[in-house]
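Derivation of every value follows stated rules applied to the coordinates shown; laboratory data play no part. Since we're looking at a predicted model, the values are computed, not measured.
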Amino acid sequence: FQALMFYMPRIFWRTFSIKAGLNICDLVEAAHNYKSADKFESRKTYMNYLIKNIDQYVDDNRRYENSRSKNPIVRCMQTCVPGGGRFLGNYIVILYFFVKFLYIINTCIQVFIISGLLGKSFWIFGYDFIIKLMSGQGWT
C-alpha cells in the first residue's frame with residue numbers, strides 16, 4: 001500500500017504532463033545529443049529542434065495585435081497575471097510544483113501511518129534526537 005502511494009504522484013505527473021503539449025523527455029534527450037554531437041550540422045539540427053519546440057510552447061498570442069482582447073477586464077487580468085495561460089509555460093511549472101507538494105503530503109501521511117503502526121511518535125523523532133544528543137544522553 002505504501003509503495004503504491006509513493007507511486008501515485010508519478011502517475012499523476014505522467015497523466016497530466018502529456019496535456020502540456022511539450023514532450024520533456026524528447027527535449028532533454030535532444031539537449032543531451034546536442035551536447036555530445038561532434039559535427040556542426042548535427043548540433044545545428046538539434047538546436048533548431050529545441051528552439052522550434054520551445055518557441056511553439058511559449059508562443060504568446062497577446063503579442064499579435066489582432067488577437068488582443070478588447071474587453072477591459074480581460075486586458076486587466078492579462079496585465080496583472082502576465083504568465084497566465086497554458087501556453088506560457090506556467091501549466092507545466094504549476095503541475096511540477098503540485099506533484100512535489102503531493103510527494104511532501106504523501107511523506108507526512110506515511111510517517112503518521114508508520115507512527116500509528118509502531119506506536120512511537122516518529123513525527124517528533126528528529127527533534128527528540130537533537131535534544132537528547134545536546135543533553136549528552138546519547139541516541140539510543
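Things to note:
- Here the extension length gained between Y103 and F129 equals 6.9 nm, from 0.36 nm per residue of separation less the Cα-Cα distance.
- Length released on extending from F6 to S42, taking residue separation times 0.36 nm less the Cα-Cα span: 9.0 nm
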